[in-house]
């Protein structure tokens, strides 16, 4: 994503202006004790900027575009918190355990593990909701899936990472395009253990960098790429 696919519209609000608005909103939420103050993100160095971008775009880290809530990015609970001994047959008041297969296969139907209401409430910080983005973090790493509106209530397991982005600054569709591109580049540069380390929550939040266009341009980029993919397909 370099800003060369389409011409920029001077009427678009620059990404820098939007980022400042989000920063101010975040500070107000912290001041009102509605969210916790998170660790400051490191400045983006020139070495992390592989190419020139339009003036209306900005370089950002994943942490800059997360939803303004606690736990906007979270890996599933340790295995000891979600052992097979806790699983129960699917019934009316049970909750689904989402696995990496859900992200890899782009479906909510994968998997047959469920937990009862007591265990669900214990693991509520790992709960998912429609619109959440889940990322496979073990085995086949970096596969993404946006949970649809009919997703059953449940929690993620230890092989998944849940991401909630701030849709006032980035669309889910553009995020997935940028994220998948980044994962592809990482896979070319590193293998095995190095890739696993790259998908730690702290690394993802603090080290993943990409170019952010204004919101209207994101929509135009997604539409254009969808057209191109249709032609290729």
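The values are calculated or read from the model by the stated rules, or taken from the named source; none is laboratory data. Everything numeric in this text was worked out from a predicted model, so none of it was measured. Glycine also receives a Cβ, built like all others from the backbone with ideal geometry; neighbour counts cover every protein chain displayed.
Hey, could you check the stretch 76-86 for residues that are out of contact with any strand residue (DSSP E or B) (no Cβ under 6 Å at 6 or more places or on another chain) and surrounded by 12 or more Cβ atoms within 10 Å (Cβ to Cβ) and say which is nearest to residue 22 (Cα to Cα)? Step by step, filter the stretch 76-86, then rank; the result is 77. Checking the stretch 25-41 against the condition returns a match, with at least one residue being at pLDDT 95 or above, surrounded by fewer than 16 Cβ atoms within 10 Å (Cβ to Cβ), out of contact with any helix residue (DSSP H, G or I) (no Cβ under 9 Å at 6 or more places or on another chain) and under 29 Å from residue 6 (Cβ atoms). Against the condition free of Cβ contacts under 8 Å to residues at least 24 places away in the same chain and under 27 Å from residue 202 (Cβ atoms), how does residue 171 come out, does it pass? Spelling it out, it is not the case that residue 171 is free of Cβ contacts under 8 Å to residues at least 24 places away in the same chain and under 27 Å from residue 202 (Cβ atoms). In this structure, does residue 96 turn out to be exposed (fewer than 12 other Cβ atoms within 10 Å of the Cβ), closer than 16 Å to residue 159 by Cβ and outside the structural domain of residue 214 (by TED's automatic domain parsing)? Here the answer is no, as residue 96 does not meet what is asked. Only one of the listed residues (53, 44, 65, 73) is over 19 Å from residue 199 (Cβ atoms), touching a residue at least 60 places away in the same chain (Cβ under 8 Å) and buried (at least 17 other Cβ atoms within 10 Å of the Cβ). That residue is 53. Of all residues in the stretch 61-79, at least one satisfies being outside any loop (DSSP other than H, G, I, E, B), assigned by TED's automatic domain parsing to the domain that holds residue 133 and more than 20 Å from the chain's Cα centre (by Cα).
Scanning the stretch 26-37 for residues being within 20 Å of residue 168 (Cα to Cα) and either touching a residue at least 40 places away in the same chain (Cβ under 8 Å) or not in a loop (DSSP other than H, G, I, E, B) (or both) gives a total of 5.
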